[in-house]
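Only the coordinates and a few stated rules stand behind these numbers; no lab work does. Given the structure is predicted, the values throughout are model-derived calculations rather than measurements. When we count neighbours, we look across all protein chains shown, and the Cβ atoms used for this are built from the backbone with ideal geometry, even at glycine.
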Amino acid sequence: MNRKVLTILGALALSTGVDAQELKIGFLAPMTGIFAQIGKDMENGFQMYIDEQKGSFAGAKVTFIVEDEEGKPPVGVRKAEKLARQDHVHLMVGGLLASTGYAIAPVSNRVKTVYVLSIAAADDLTQRDLQQYPYIVRTSWTSSQPHHPLGKWACENGFKRVVTVGADYAFGHEVVGGFQKAFEDCGGQVVQKIWPPLGTKDFGPYIPTIKRDADAIFTVMVGPMALQFPKQVQEAGIKTPLIGGGTSYDEFVLPSMGDEVLGHVSALQYSAALDTPRNREFVRKYREKYGKVPSYYSESNYTTAQMIHEVMKQTKGSWPGPEKFIQMITRLKLDTPRGPVRFDDMRNPVQNIYIKKVEKKKMHGYDKDELWNTVIKTYPEVSQFWTYKKEEFLKQPVYSRDFPPCKFCN
Amino acid sequence: MRILVLLIALATVGIIAPFSGPFIILLLAHVLVLGIVAMSVDLLLGYTGLPSLGQAAYLGVGAYLTAILATRFGFGLGWDFWIVVALGMAAGALTAAFFGLFAIRASGVYFLMITLALGMCVWGLAYRWNSLTGGDNGINMRGRPKLGALSFSDDVTFFYVVLGFFIASFFALHVLVNSPFGRSLVGIRERELRMRILGYNTWLHKYIAFVIAGAFGGLAGVLWAHLNGIVSPSDLLLPASVDVLLMVVLGGPGTLVGGLIGASVVVLLREYLATVVPWWQYVLGAVYVLTILYLPSGIMGLFKGGRA
């Protein structure tokens with residue numbers, strides 16, 4: 001932690017100095033509270049890339065300042081203000097929850113500092129609100145991005161009537177919305193939507209209300225919620241198949257899950273079980289260093305660091321300024337652990353979306369049977385608008401608890 | 001005497017503040033806003049003997065009112081800011097007037113539980129009433145008010161505005177607690193039965209104190225919304241109310257000034273120390289424990305031999 005102290009002392013000493021050969025990155029992730037472990041995954045991913053480059057991006061010394069945003073939007077705002085005003089960072093990276101993303105974006109305007117959304121998937125920031133926020137760029141995904149393809153996949157694989165159970169906040173609404181839109185456009189029906197609060201620990205009150213005649217239950221769980229729900233569904237004797245939003249089965253929760261999740265299907269832009277040389281190497285290195293399989297939280301931040309590095313390579317280590325940086329990063333085309341990534345004209349990645357099934361097997365040469373998200377179908381180069389026309393898509397409101405409306409409920 | 005010391009301290013802070021750096025000045029404004037809430041809790045806890053665990057609710061009502069008026073109707077961003085201040089206080093007072101009907105029946109730990117439950121009702125509304133409150137996202141403010149040439153978006157200006165409100169609140173509450181009404185509250189705290197036998201309508205006295213505390217909570221909410229630029233349900237959660245109560249206990253209940261001292265210690269430890277070391281929570285914990293063990297009347301107890 002001496003690094004942090006030194007950084008702060010340094011910041012005080014050269015309060016106006018923006019050294020050409022230094023890159024200050026402010027990182028926002030929850031370090032306490034129920035999302036602390038996810039925050040650790042985020043930090044580890046980014047830190048691993050910096051370490052691989054021996055702390056220097058194309059000659060610029062990287063100063064990495066981590067702040068605890070506690071998974072609460074107002075705290076995120078305060079910490080972002082601190083990073084920009086006191087530490088004079090060149091860019092802010094991170095923010096876990098979609099609601100935190102929505103809250104920090106206005107700060108990037110106030111302090112005129114780049115904000116890279118490396119996790120926060122809040123749809124509208126790179127959709128209807130984009131014009132308001134010239135200093136943001138997203139390197140991860142919009143909440144609905146993987147779930148449009150999943151909706152199509154579900155409909156094509158024989159599911160007709162689906163109940164959704166989603167965490168009651170922006171991310172949950174947008175994931176369910178994306179799934180519902182694509183699913184219903186292809187002929188499926190969402191027959192019930194249930195919204196437990198974010199961080200629910202006991203689904204007892206919700207499970208009995210789930211309609212029994214549905215073909216599948218679509219879940220959007222975040223962090224510890226994801227462990228609890230499948231267990232309780234199994235205990236309640238419900239045999240309806242479960243499919244899920246990306247975070248319901250990501251590699252952050254997967255190692256803590258039991259056999260009750262075997263065969264569950266979800267979608268995301270990353271799976272640790274991707275069988276590409278790039279990913280195999282990433283998983284091996286990450287696991288060696290941190291003792292666990294990387295989750296998308298780690299991959300996304302690792303890749304974000306890589307993208308920032310690529311920009312710095314082009315400028316030979318000098319900070320290009322916020323406007324130029326945004327321009328340069330959105331022109332990148334990269335090969336990353338998750339696959340090829342480029343950006344659309346609304347500063348959001350275009351990337352592969354993987355439909356994944358939880359399987360127990362050996363993978364990447366590890367000799368134990370473990371749970372892995374086996375990729376069963378790849379939708380290449382998926383944009384945040386899926387197959388919809390951008391203009392038409394942007395005309396509809398952002399996905400919310402009430403949009404798309406539940407036409408087939410009751 | 002005590003007031004003189006406080007005035008000198010505030011004046012010193014007021015003079016130093018503009019040079020304290022762009023982040024510290026936000027923290028100072030933060031301390032002052034929470035100081036107002038803490039004083040309102042002190043009126044209940046320190047003077048009336050009612051430990052309220054739901055004060056964040058009134059802060060929330062004021063803050064949401066400000067945010068909704070500003071973002072939906074563009075109201076309160078000019079000279080009409082003063083109307084919003086009045087409305088925020090009224091909204092806090094009205095909410096307290098309603099909640100008081102349930103809460104004032106109880107005392108001690110039951111009062112604690114009822115105010116906790118009522119406070120969480122307001123959180124529930126904020127969290128679930130998506131169309132009005134934006135649900136979990138909360139409401140992003142689009143900018144601070146601009147009164148003629150005086151733009152609150154300048155952090156130094158806004159700090160002085162908050163300082164002004166703090167001083168005004170302090171004097172209003174100071175006058176209140178030293179009035180015969182305030183003395184009757186202390187009487188209720190010490191022995192309610194005796195006060196009742198003496199012919200005081202103790203229910204009404206407590207009720208009025210509760211409503212006044214709500215009004216100051218609402219006022220703090222208005223400032224809170226503009227200070228943070230975001231209003232979120234997590235501002236209304238139980239920890240927010242607990243924090244304020246702890247600030248009062250830490251600073252010294254029954255002193256008013258204690259609230260400000262408690263707020264300074266908590267905010268500066270949390271926000272500033274947290275940026276330097278990761279184990280700041282232990283420091284804060286130790287401060288709480290030591291205060292309770294050795295300073296039962298709070299930090300103000302260092303200067304004085306006990307409660308007012």
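Let me check I've understood the local charge: for residue B:270, count other residues with C-beta under 11 angstrom from its C-beta, Lys and Arg +1, Asp and Glu -1. What total comes out?
With Lys, Arg at +1 and Asp, Glu at -1, the net is -3.
Please compute the Cα-Cα pair-distance distribution of segment B:26-236 with 5 Å bins starting at 0, giving whole percents from short to long.
In order of increasing distance, the bins hold 1, 8, 16, 20, 18, 14, 10, 7, 4, 2, 0, 0 percent.
Of the DSSP beta bridges with both residues in segment A:236-374, give the percent that are antiparallel, rounding to the nearest 5.
90 percent
Return the FRET efficiency for the residue pair residue A:316, residue A:54: r is the Cβ-Cβ distance, R0 is 22 Å, and the value is rounded to the nearest 0.05.
Result of the calculation: an efficiency of 0.80.
Using amide H atoms built in the peptide plane, which far-off residues or other-chain residues are under 5 Å from residue A:160 H to H?
Placed amide hydrogens put A:215 under 5 Å from residue A:160.
As a check on your grasp of the helix formula, calculate [θ] at 222 nm for the protein assembly as shown: sum -39500 (n - 2.57) over DSSP H runs of n ≥ 4, divide by the residue count, round to the nearest 500.
Computed mean residue ellipticity for the protein assembly as shown: -16000 deg cm²/dmol.
Taking Cα pairs under 8 Å and at least six residues apart, what relative contact order does chain B come out at, in percent?
Working: 509 pairs, mean separation 99.4, N = 308.
Reported as a whole number, the value is 32 percent.
Okay, which of segment A:350-372 sit inside 17 Å, backbone N to the point 7 Å along the Cα-Cβ direction of residue A:281?
Label zone hits: A:364-365.
Take every residue in peptide B:230-236, count the Cβ atoms of other chains within 10 Å of its Cβ, and give the average of those counts.
6
What is the helix-to-structure angle for A:36-52, meaning the angle in degrees between its Cα long axis and the longest Cα principal axis of chain A, kept from 0 to 90 and rounded to the nearest 10?
Once rounded, the angle reads 50 degrees.
Please average, across the residues of A:95-102, the number of beta carbons from any other chain that are within 10 Å of each residue's own beta carbon, and give a whole number.
Average per residue, whole number: 3.
For a test of the definition: using alpha carbon positions, the gyration tensor, and the 1.5 limit on a/c, classify segment A:128-261 as rounded, prolate or oblate. Don't skip to the end; give the middle numbers.
Details: a/c = 1.86, a/b = 1.32, b/c = 1.41.
Because a/c hits 1.5 or more and a/b fails to exceed b/c, segment A:128-261 counts as oblate.
Count the DSSP beta bridges whose two residues both fall in the protein assembly as shown, then state the antiparallel fraction as a percent rounded to the nearest 5.
For the protein assembly as shown, the DSSP antiparallel bridge percentage is about 45.
How large is the dipole of segment B:26-236 about the Cα centre if only Lys and Arg carry +1 and Asp and Glu carry -1, each at its Cβ, rounded to the nearest 20 debye?
Once rounded to the nearest 20, the dipole reads 500 debye.
In Å³ and rounded to a whole number, note down the convex hull volume per residue for the Cα atoms of segment B:169-308. The partial results should precede the final answer.
Numbers: hull volume 19.3 nm³, N = 140.
So the per-residue Cα hull volume is 138 Å³.
Quick one: Debye curve from the C-alpha atoms of the protein assembly as shown, no solvent, what's log10 I(q)/I(0) at q = 0.05, 0.07, 0.10, 0.11 Å⁻¹?
Computed log10 I(q)/I(0) values: -0.26, -0.51, -1.00, -1.17.
How many Cβ atoms of partner chains, on average, are near each residue of A:72-85 if near means within 10 Å of its Cβ?
What the average comes to for A:72-85 is 6.
Need the C-alpha centroid separation for segment B:83-101 versus segment A:349-371, integer Å.
Cα centroid to Cα centroid, the span is 56 Å.
If R0 is 45 Å, what FRET efficiency do you get for residue B:86 and residue A:262 from their C-beta distance, rounded to 0.05?
Once rounded, the FRET efficiency stands at 0.15.
Can you order the peptides B:246-258, A:338-350, A:29-41, A:363-375 by their average number of other Cβ atoms within 10 Å per residue, highest first?
Answer by packing, highest mean first, reads B:246-258, A:29-41, A:338-350, A:363-375.
Using +1 at the Cβ of each Lys and Arg and -1 at the Cβ of each Asp and Glu in segment B:26-236, identify which of B:79, B:213, B:157 lies farthest towards the dipole's positive end.
It is B:213.
Which stretch or stretches of segment A:261-293 have amide N atoms under 12 Å from the point lying 7 Å from residue A:368's Cα along the Cα→Cβ direction?
A:291-293
Quick one: which of B:272-280, B:131-139, B:2-10, B:162-170 comes out on top by average Cβ neighbours within 10 Å, and what's the full order, highest first?
Top of the packing list down: B:131-139, B:162-170, B:272-280, B:2-10.
Cut-off 10 angstrom, C-alpha nodes, Gaussian network model of chain B. Which of B:226, B:205, B:30 fluctuates the most?
Fluctuation is largest for B:205.
Of the DSSP beta bridges with both residues in chain A, give the percent that are antiparallel, rounding to the nearest 5. Walk me through the intermediate numbers first.
Working: 24 of 57 bridges.
DSSP beta bridges in chain A are roughly 40 percent antiparallel.
Give me the angle, in degrees from 0 to 90, between the Cα long axis of helix A:147-156 and the longest principal axis of the Cα atoms of chain A, rounded to the nearest 10.
20 degrees
Using DSSP to call loops (not H, G, I, E or B), can you name the trypsin sites (Lys or Arg not before Pro) in segment B:33-137 whose Cβ has at most 16 other Cβ atoms within 10 angstrom?
Of the trypsin sites (Lys or Arg not before Pro), the ones in loops of segment B:33-137 whose Cβ has at most 16 other Cβ atoms within 10 Å are B:105.
Taking amide H positions as placed in the peptide plane 1.01 Å from N, state which residues far from residue A:23 in sequence (5 or more) or on other chains have amide H under 5 Å from it.
A:61, A:62, A:63
When chain B is treated as a GNM, springs tying every alpha-carbon pair under 10 Å, which of B:213, B:38, B:70 comes out with the largest mean-square fluctuation?
B:70
Pick from B:296, B:239, B:22: which is most flexible by mean-square fluctuation in a GNM of chain B where alpha carbon atoms under 10 Å apart are linked?
It is B:22.
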